[in-house]
Amino acid sequence: MKTEEYGFEPSERIQKTLARCGLGSRRQVEAAIKLGQITINRESVELGQKLKVGDKIAWKNRAWVVESDYVMPRVLMYNKPLGEVTTRKDEKDRRTVFDSLPRISGQKWLNIGRLDINTTGLLLFSTDGDLANHMMHPSANIDREYACRVFGDVTEEKIKAMLAGVELEDGVASFSDIQAAGGEEKGSNSWFHVAIMEGKNREVRRLWESQDIQVNRLKRVRYGGVFLPKSLRKGQHKELNQRELEILFKDIKFEPAAQTLTLKSVKKGRH
């Protein structure tokens, strides 16, 4: 899709373009700009400076030229196994979720939220930073559903407390829904499905623990309108097709840019 078809040239703040194209988070890009590590057309960059088609960017001994095109965001679902960490590199050399993802030329998979090392199930990735930020932002009101196996005495009073809201060390948290899913006798292991609107660190576990109930298995089965397919085994991934993307965007009220700036990698000596 060429710029001439629209009669205008798109422009965009550099930190937004670089983050959306997977070169780093906006904070990382902004920090690099402040340190003078990024140049546009061989000149230093100001925070918030806008890019346009044809600009040449250099950073981290790499170079890109700015182009314009329609790029549909790609979204990947991954069934995270136990023991993997949601980070690109791990100081303890543990296996990361990115180790199992398919490589893509000129782009990066960006994780949409996180799962801790002891939580399994649905983890979403996208090539579009705007989409990832939209899905994680509290204002989007996108809930997450988890299957929990818990140990303890689950009473109606405790369920009502977790639905109403519990004061944790980082603020009030609550489940938006709690449904029993079977189990053994009272006081033993039992299964529940819970929904939560946020993705704070270990929030599901901490909510149960606030009621003296321990979570011994935790699996995310849904993120918004995206469900973990039963056919997707642990460690496997599946990319959403065009129809699934359209349903997702409608569900979360996200509109991909009709035309956007992209980056084409070039040899640094040529820029």
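Details
- From the list Arg88, Arg94, the lone residue that is more than 10 Å from the chain's Cα centre (by Cα) and within 21 Å of Arg26 (Cβ to Cβ) is Arg88.
- Evaluating Ala58 against the criteria (1) farther than 25 Å from Tyr223 by Cα; (2) outside any strand (DSSP E or B) leaves one unmet condition, (2).
- First in the stretch 233-253 and surrounded by 12 or more Cβ atoms within 10 Å (Cβ to Cβ), second anywhere and in a helix (DSSP H, G or I), Cβ under 7 Å, 6 or more apart: Gly235/Ser100; His237/Ser100; Leu240/Leu248; Ile252/His134; Ile252/Met135; Ile252/Ala140
- A single entry from Leu82, Leu124, Leu110, Leu115 fulfils the requirement of being touching a Phe, Trp or Tyr at 6+ places or on another chain (Cβ under 9 Å) and either at pLDDT below 95 or over 23 Å from Leu18 (Cα atoms) (or both): Leu110.
- Check on Ser11, of a type in the set (Gly, Ala, Ser), within 18 Å of His134 (Cα to Cα), at pLDDT below 90 and open to solvent by 40 Å² or more (accessible area, probe 1.4 Å): no
- In the stretch 66-83, residue farthest from Gln28 (Cα to Cα) [restricted to those that are part of a strand (DSSP E or B) and open to solvent by less than 30 Å² (accessible area, probe 1.4 Å)]: Asn79
The values are calculated or read from the model by the stated rules, or taken from the named source; none is laboratory data. All of these numbers come straight from a predicted model, not from anything done at the bench. Using ideal geometry, Cβ is built from the backbone for each residue, glycine included, and neighbour counts are taken over all protein chains shown. Keep in mind that these areas ignore ligands, DNA and RNA; they rest on the heavy atoms of the full protein, side chains included. Shrake-Rupley method; radii C 1.70, N 1.55, O 1.52, S 1.80 Å.
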